[in-house]
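**Student:** I am attaching a structure below and will ask some questions about it afterwards.
The values are calculated or read from the model by the stated rules, or taken from the named source; none is laboratory data. Keep in mind it's a predicted model, so treat the numbers as computed, not measured. So basically every Cβ, Gly included, is an ideal-geometry build from the backbone, and we count neighbours across all protein chains shown. Ligands, DNA and RNA are excluded from the accessible area calculation, which covers all protein heavy atoms including side chains. Shrake-Rupley method; radii C 1.70, N 1.55, O 1.52, S 1.80 Å.
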Amino acid sequence: MVVLRGKEHSLYELPVHARSGNIAIIHADIANMPNVAILLPEQYIASGACSAADMLQLANRLCGRTLFAWRFFSRDGAPARSSSGILLPASGRYADALPADALLVAGIGYASLAKLERQLARETDLASVLQAADRQGRLLGSYCTGTTFLAQAGVLAGRQATISWWLAKWFRERYPAVQLQPHAMLCQAGHVLTAGATTSCLELMLQLIREKGGEDLALECARILLLDARRDSQAPYAGLQQFSGHDDPLVCRAQHWLQQQLAQPFSLDQLASATHSSGRTLIRRFRSVLGVTPLQYLQKLRLHHACRQLQHGDTAIEQIVTECGYEDLSAFRRLFKREMSCTPAEYRSRFARAA
């Protein structure tokens, strides 16, 4: 609900007078009402698809006129069931979406990377539609796992793009032609927009609203939805474990040992001795499974520990740095800023939990 002049309103019942004075100024390039097609692959995540439609509805309401029209499309044109069982009606097959001015691919849920890859291989109709839309210069958008469908279709080759932070390593190896920006919340490469994990769909839709309806309208939507304008990076939200997982017992033993050694100076020889292996083997296995060396992984562990300390308490940054095995406070701050896209103080201010 939104409160205006002491009265509660549904998000879709905001009175026209609630809009700011500038929002009613509609750019000439949207006089013909942009049509948005929301494509629903199997096991799509309902929250992202529905949020996209909700934001377009909000933009329309704030302007007091219909700026955007939108419809859902599925592979066979039948109602599409989401990963959580929600059923959305479809207006037709993927190919029927091509007259749209913008096509948005919903992200999907997946049980394993192997199942995700099999679905990518099956969605040939979707790939054809995306390729055709790209050739026609139509606006294309995706978020979370939806980005993989754009990459599978070849649309992202040679372009910058982003995806959910936990899929970065897998995505980079599978689609090396894409200029992946793993920490970016939103990437725009010409007429192609990509965003990070599921809720970054909101940033993607704001950008679409900004392009088609102007900055004032996008800003008003953000204000009503309480969207944080500082959400420009996924890095502060990224956890330590990658969802892709692995089953390498040697790397598991090494990870557990490193977890107990955060404050100690790193020694590859000691790690090799503790895991009954060799330094060369450990480096090779870590790179194969996790995409980093043991030392790089330890640095990630230390940063993760620092983040948790910043979130859950008021421990002085100097003490946190010592617990993480660093002696140079300024060097740690530089490392933190580089990896997390914010300073330790900014991270604590944004994510600290109340006692």
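**Student:** At 0.36 nm per residue, minus the direct Cα-Cα distance, what do residue 87 and residue 54 gain on full extension? Give it in nm, one decimal, please.
**Tutor:** Fully extending the segment from residue 87 to residue 54 adds 10.3 nm.
**Student:** A further question follows. Taking 7 Å along the Cα-to-C-beta vector as the label spot, tell me the residue 345-residue 179 distance in nanometres, rounded to one decimal.
**Tutor:** Simple spin-label model gives 3.4 nm for this pair.
**Student:** Give the whole-number value, in cubic angstrom per residue, of the convex hull volume spanned by the C-alpha atoms of segment 147-199.
**Tutor:** Details: hull volume 3.5 nm³, N = 53.
For segment 147-199, the hull spanned by Cα atoms encloses 65 Å³ per residue.
**Student:** For segment 37-156, with all protein chains present and a 1.4 Å probe, just round the carbon and sulfur fraction of the accessible area to a whole percent.
**Tutor:** On segment 37-156, the fraction of accessible area on carbon and sulfur atoms equals 47 percent.
**Student:** Which values, in whole Å and largest first, are the semi-axes of the equivalent ellipsoid of segment 41-121 obtained as the square root of 5 times each eigenvalue of the Cα gyration tensor?
**Tutor:** 25, 15, 11
**Student:** Sorted by packing (mean other beta-carbon atoms within 10 Å per residue), highest first, where do 179-187, 250-258 land?
**Tutor:** Peptide ranking by packing, descending: 179-187, 250-258.
**Student:** Is the shape of segment 255-331 best called rounded, prolate or oblate, per the rule: a/c under 1.5 gives rounded, else a/b larger than b/c gives prolate, else oblate, with a ≥ b ≥ c the square roots of the Cα gyration tensor eigenvalues? Working shown, then result.
**Tutor:** On the way: a/c = 2.51, a/b = 2.09, b/c = 1.20.
Here segment 255-331 falls in the prolate category.
**Student:** To continue, here is another question. Can you compute 3J(HN,Hα) from phi for each residue in segment 45-58, using the Karplus curve 6.51 cos²θ - 1.76 cosθ + 1.60 with θ = phi - 60°, rounded to whole Hz and x for Gly and Pro?
**Tutor:** In residue order, the calculated couplings are 8, 4, 4, x, 5, 6, 4, 4, 5, 4, 5, 5, 4, 5 Hz.
**Student:** I'd like the distance separating the alpha-carbon centroids of segment 54-129 and segment 298-327, in whole Å.
**Tutor:** Rounded to whole Å, the Cα centres lie 42 Å apart.
**Student:** Leaving ligands, DNA and RNA out of it, work out the accessible area of residue 147 with a 1.4 Å probe and give it in Å² to the nearest 10.
**Tutor:** Counting only protein heavy atoms, the figure is 0 Å².
**Student:** Just subtract the alpha-carbon distance of residue 71 and residue 311 from 0.36 nm times their residue separation and send over the number in nm, one decimal.
**Tutor:** Details: separation 240, 0.36 × 240 = 86.40 nm, distance 4.09 nm.
Full extension from residue 71 to residue 311 adds 82.3 nm.
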